[in-house]
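Student: First the structure, then my questions, so here it is.
The values are calculated or read from the model by the stated rules, or taken from the named source; none is laboratory data. Bear in mind that the values here come from a model prediction, so they are computed numbers and not experimental data. Here the Cβ positions follow ideal geometry from the backbone for every residue, glycine too, while neighbour counts run over all protein chains shown.
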Amino acid sequence: MDHYLVQLVARLFEGMARLPAPTRQRHVRFLTAKQNPDGGFSGREGPSDLYYTGFALRGLAVLDALSADVGKRTAGFLTKSLATQAGLVDFFSLLYSSLLLQTSLGLDPLSASPRDWPERVATFLETLRTEDGGYAKAPEISPRPSGGEGTGVRGRAGSTYQSFLVALCYEMLGRDIPKPDELMRFVESRRREDGGFVEIQAMRRSGTNPSAAGVGLLQIQKGASLTADEKKLVIDFLAKMPSGEGGLRANDHIPLADLLSTFTGCWTLAQLGALDRIDKTAALRYAQSLEVPGGGFRGGLWDSDVDVEYTFYGLGCLALLT
């Protein structure tokens, strides 16, 4: 399979194998210790959450440490989650987590879902479609017909990141995105003169993470056949994002780097064959500086705690830069 997420996991899995065993083992211990009794994983506080469960599974998968015990317990949590309402981000996490368990352990948390579940999913995704051709986080909500004070309308403008998640969901479902030409026009409308992409239409200066999502959308829809000019524009933009710390910034107005932007920027440059446009040694040193001796990663030099999400980003940076 040449799916985007398959390529991502395969690339990180390969990179993880080059790391010293003690490094891998301490992060395996950290991630497995974060599993809750109900089988899910939490953020820095609160109950189990589909979003963080997805990151924990991704981390264990690239570490080649997704055990049958952890997988079975997580599958139970995911199956129970089918009965709850979830937004796009949580739904993507549910779908991706289920795919990881299916491919790694042969477990199918979705086996109890109705036979027409894929059709229902596709119907739900299309409720997120916006007039500009993209997708939003939530469906539109129309004002109350009585003329009284209504709820307003959400989702009228598309989001680059949410559109990227929808494209990944369709890819995991094995379905084509409806009206792909409209989606491509939407992505192009988010490109800016500085070479990157923005999250929402009103923004004028690009960001590292929206640019990663924009490139991902183009790769999914165009089969990774970006033109030379398209590649050069994004590469030149991302090459300007490293800070003095060595990591990448979210945008050029922010002085400090963060681990999320460092990972998404490095992954996008790697996909475009241009990771050498940044100082890889400095970026690796930055990621390593956020690694905690007992396992896990902080989000940046400004952060004081660890969680499973940033641990996945940290592992991804080590895999790409080592």
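Student: For residues that are surrounded by fewer than 19 Cβ atoms within 10 Å (Cβ to Cβ) and of a type outside the set (Asp, Glu), scanning just the range 271-288, find the one that is farthest from Val234 (Cα to Cα).
Tutor: Our first condition is that a residue be surrounded by fewer than 19 Cβ atoms within 10 Å (Cβ to Cβ); within the range 271-288, this holds for 273-274, 276-277, 279-282, 285, 288.
Applying the additional criterion that residues be of a type outside the set (Asp, Glu) yields 273-274, 277, 280-282, 285, 288.
Numbers: Gly273: 12, Ala274: 10, Arg277: 11, Lys280: 18, Thr281: 21, Ala282: 21, Arg285: 24, Gln288: 26 Å.
Step by step, filter the range 271-288, then rank; the result is Gln288.
Student: Given Glu199, Glu171, which one is in contact with a helix residue (DSSP H, G or I) (Cβ under 7 Å, 6 or more places away or on another chain) and either part of a loop (DSSP other than H, G, I, E, B) or among the aliphatic types (A, V, I, L, M) (or both)?
Tutor: Just one listed residue meets the conditions, Glu199.
Student: Moving on to the next point. Mind checking whether some residue in the range 273-282 is assigned to a loop (DSSP other than H, G, I, E, B) and touching a residue at least 60 places away in the same chain (Cβ under 8 Å)?
Tutor: No, that holds for no residue.
Student: Scan the range 292-311 and tell me whether some residue there is under 30 Å from Asp229 (Cβ atoms), surrounded by 21 or more Cβ atoms within 10 Å (Cβ to Cβ) and touching a Lys or Arg at 6+ places or on another chain (Cβ under 8 Å).
Tutor: No, the conditions are met nowhere in the range 292-311.
Student: Does Leu233 fit the bill of being in a helix (DSSP H, G or I) and in contact with a helix residue (DSSP H, G or I) (Cβ under 7 Å, 6 or more places away or on another chain)? Break it down into steps so the answer makes sense when it comes.
Tutor: On the way: in a helix (DSSP H, G or I): yes; in contact with a helix residue (DSSP H, G or I) (Cβ under 7 Å, 6 or more places away or on another chain): no.
The answer is no for Leu233.
Student: So which residues in the range 293-305 are in contact with an Asp or Glu (Cβ under 9 Å, 6 or more places away or on another chain) and not in a strand (DSSP E or B), if there are any at all?
Tutor: As a first pass, look at the range 293-305 and keep what is in contact with an Asp or Glu (Cβ under 9 Å, 6 or more places away or on another chain): 296-303.
Gly296, Arg298, Gly299, Gly300, Leu301, Trp302, Asp303 - these are the residues of the range 293-305 that are in contact with an Asp or Glu (Cβ under 9 Å, 6 or more places away or on another chain) and not in a strand (DSSP E or B).
Student: Condition (residue is more than 23 Å from Ala10 (Cα to Cα), modelled with pLDDT of 95 or more and not charged (D, E, K, R)) applied to the range 64-77: is it met by at least one residue?
Tutor: Yes, because at least one residue in the range 64-77 is more than 23 Å from Ala10 (Cα to Cα), modelled with pLDDT of 95 or more and not charged (D, E, K, R).
Student: May I ask you to say which residue of Ser67, Ser97 is hydroxyl-bearing (Ser, Thr, Tyr), out of contact with any Lys or Arg (no Cβ under 7 Å at 6 or more places or on another chain), within 24 Å of Met16 (Cα to Cα) and surrounded by 15 or more Cβ atoms within 10 Å (Cβ to Cβ)?
Tutor: Unique residue meeting the criteria: Ser97.
Student: Which residues, counting only those in the range 292-322, are in contact (Cβ under 8 Å) with a residue 24 or more places away in the chain and among the acidic types (Asp, Glu)?
Tutor: Of everything in the range 292-322, those that are in contact (Cβ under 8 Å) with a residue 24 or more places away in the chain and among the acidic types (Asp, Glu) turn out to be Asp305, Asp307, Glu309.
Student: Could you please find all residues in the range 210-237 being buried (at least 16 other Cβ atoms within 10 Å of the Cβ) and among the polar types (S, T, N, Q)?
Tutor: Listed by number, the residues that qualify are Ser211, Gln219, Gln221.
Student: Could you grab me the full set of residues in the range 10-27 that are under 20 Å from the mean Cα position of the chain (by Cα) and either under 30 Å from Lys80 (Cα atoms) or in a loop (DSSP other than H, G, I, E, B) (or both)? Lay out the reasoning, then the answer.
Tutor: So in the range 10-27, the residues under 20 Å from the mean Cα position of the chain (by Cα) come out as 10-16, 27.
Ala10, Leu12, Phe13, His27, listed by residue number.
Student: For the range 238-267, which positions are surrounded by fewer than 24 Cβ atoms within 10 Å (Cβ to Cβ), outside any loop (DSSP other than H, G, I, E, B) and in contact with a Leu (Cβ under 7 Å, 6 or more places away or on another chain)?
Tutor: Listed by number, the residues that qualify are Pro242, Trp267.
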